[in-house]
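Taking it in order: structure first as structure tokens, then the write-up.
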Amino acid sequence: MTPTPADLAGAVLTIDLVALKDNWRRLNTLAGKAECGAAVKGNGYGLGIEPVAKALWEAGCRSFFVARPKEGEELRKLLPHATIYILDGLFAGQAEFYAKLNLCPALISIEEAQEWAAFGRVYGRKLPCAIHVDTGINRLGFSMAEFDSLLADRFTMRELNVTLLMSHLACADDPPHPLNQRQHDAFAAVRAKLPGVAASLANSSGVFLGDGFTHDLVRPGIALYGGNPTLNVANPMLPVAILEGAVMQLRNVAAGDTVGYGATWTATRPTRIAILGAGYKDGVPRALSSREPHGPAQVFINCHRCPVIGRISMDMMGVDITDLPDGSVKRGTRAEMLGRHIGIDEAASWAGTISYELLTRLGSRYARLYTGLESDRPA
Ligand SMILES: *Cc1c(COP(=O)(O)O)cnc(C)c1O
């Protein structure tokens, strides 16, 4: 029989596009009257821009946010009719590239605004753009003073077709943080200076801050992909990425034996071990390596959580299955490293990082399976 990719890869990443679409619909409902867009930068947060973008379009999403013009080019091929914003702004000398692909830059400085306006003059048409004002994160965007200067620059303003005013929250995942209200109020002041233009402030967590933060368009990213947008509250989103490794070998070690590189883990009892075909090349963070007999990191096998033991290698990792029923784990049994039982936020916290980094650093070697794209269904 011809083997499937999953038969040959050792590790399998399943991306549940039904869950992705469901997450978008939930956020769309929460956003109320505001339009729900999607942040799909970084190859759809590592999950694959093509299936992710198509699934979101099928769910009803029409406005997409990427970081780089190169990402915009790729997305334009997939979604000819979508509105595509480039969050990193207008790259120097690249206005024609944006215009030809109908990419909308989120302008971040006077220099960019003047370049876009000047290009529009030559092109013979006022081209759409967003204006990104920094209201307190101090990352990208016009400062409040620079925004005032832009408004005062009548020559430039006349040539711009501003379709969106946007800003970005620094602490939306921490609702009581005082910066949220400060940014909200600063954004209200920005909007008052350019009335009648659609506005967007909320990322995933911002959608959960309530009506005052959703404005006309929301830009969720991580929540679409199953990350928890609400700190210290049960995750309202469905898991989308499921990473599993297949058991390659089972072995018994005696108390006092060590497991893995550096002999960092020592058995304190006779221990049954499963070696899984998933390692840091596959995106399992090496920081999940255990230092203690029952270090924090776990995988899920046959309805049980089992501790990770020893160091994560490039291609494999060990787990303690001593407490599982005899014979229940076999060669080829799959163990979940990330997914429905081991949440991406939980695994990320064990590794000392965040779900965003886990997803965008997933490897490239495992078999990737996508479930639930309508356009793939037989007619
Ligand atoms: C990445 C990004 C988003 C999406 O953020 P999440 O926290 O993933 O929801 C929204 N807006 C901007 C400007 C971004 O850079």
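The values are calculated or read from the model by the stated rules, or taken from the named source; none is laboratory data. Just so it is clear, the structure is predicted and the values come from calculations on it, not from any experiment. A quick note on method: Cβ atoms are made from the backbone with ideal geometry, for glycine too, and the neighbour counts reach across all protein chains shown.
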Could you give me the residue pairs with C-beta distances under 9 Å whose first residue belongs to the stretch 115-126 and is charged (D, E, K, R), whose second residue is assigned to a helix (DSSP H, G or I) and surrounded by 14 or more Cβ atoms within 10 Å (Cβ to Cβ) wherever it lies, and which are 6+ apart or on separate chains? GLU115/ALA95; ARG125/ALA99; LYS126/ALA117; LYS126/GLY120
Does LEU160 satisfy the criteria of being among the hydrophobic types (A, V, I, L, M, F, W, C), surrounded by 15 or more Cβ atoms within 10 Å (Cβ to Cβ) and within 13 Å of the ligand (Cβ to nearest atom)? no
For residues that are surrounded by 16 or more Cβ atoms within 10 Å (Cβ to Cβ) and modelled with pLDDT of 90 or more, tally how many sit in the stretch 290-305. 6
Given ARG361, ARG311, which one is in contact with a Gly (Cβ under 7 Å, 6 or more places away or on another chain), within 16 Å of the ligand (Cβ to nearest atom) and not assigned by TED's automatic domain parsing to the domain that holds ALA53? ARG361
Residues of the stretch 10-44 being within 12 Å of LEU56 (Cβ to Cβ) and out of contact with any Pro (no Cβ under 9 Å at 6 or more places or on another chain), in sequence order, are LYS21, ASP22, ARG25, ASN28, VAL40
Got at least one residue in the stretch 242-263 being of a type outside the set (D, E, K, R), within 16 Å of the ligand (Cβ to nearest atom) and within 23 Å of VAL40 (Cα to Cα)? no
Going by what's in this entry, would ALA234 be described as more than 10 Å from the ligand (Cβ to nearest atom), among the small types (Gly, Ala, Ser) and over 22 Å from PHE64 (Cβ atoms)? yes
Can you say whether PRO69 is within 16 Å of the ligand (Cβ to nearest atom) and within 19 Å of the chain's Cα centre (by Cα), as far as the supplied structure shows? yes
Looking at the stretch 306-322, which of the residues that are crowded, with 19+ Cβ neighbours inside 10 Å and among the β-branched types (Val, Ile, Thr) is nearest to the chain's Cα centre (by Cα)? ILE312
Enumeration of residues in the stretch 338-358 that are part of a loop (DSSP other than H, G, I, E, B) and either outside the structural domain of ALA274 (by TED's automatic domain parsing) or touching a strand residue (DSSP E or B) at 6+ places or on another chain (Cβ under 8 Å) (or both): GLY339, ARG340, HIS341, ILE342
Being crowded, with 21+ Cβ neighbours inside 10 Å, of a type in the set (Ser, Thr, Tyr) and either more than 13 Å from the ligand (Cβ to nearest atom) or under 18 Å from ALA67 (Cα atoms) (or both) is true for just one of SER143, SER167. Which residue is that? SER167
Extreme residue, surrounded by the most Cβ atoms within 10 Å (Cβ to Cβ), among residues of the stretch 108-133 that are farther than 16 Å from PHE64 by Cα and within 16 Å of the ligand (Cβ to nearest atom): VAL133
Residue under evaluation GLU374, criteria (1) out of contact with any strand residue (DSSP E or B) (no Cβ under 7 Å at 6 or more places or on another chain); (2) at pLDDT 95 or above, criterion not met: (2)
Answer yes or no: is there a residue in the stretch 194-208 that is assigned to a strand (DSSP E or B), aliphatic (A, V, I, L, M) and more than 14 Å from the ligand (Cβ to nearest atom). no
Going through ALA6, ALA55, ALA11 one at a time, which residue ends up being away from the ligand (no atom under 16 Å from the Cβ), touching a helix residue (DSSP H, G or I) at 6+ places or on another chain (Cβ under 7 Å) and at pLDDT below 95? ALA11
Criterion first (of a type in the set (A, V, I, L, M), more than 16 Å from the ligand (Cβ to nearest atom), on the phi < 0 side of the Ramachandran plot and part of a helix (DSSP H, G or I)) does ALA335 satisfy it? no
Considering only the stretch 210-229, how many residues are more than 12 Å from the ligand (Cβ to nearest atom) and free of Cβ contacts under 8 Å to residues at least 60 places away in the same chain? 3
Condition (residue is more than 14 Å from HIS168 (Cβ to Cβ) and of a type in the set (Lys, Arg)) applied to the stretch 122-137: is it met by at least one residue? yes
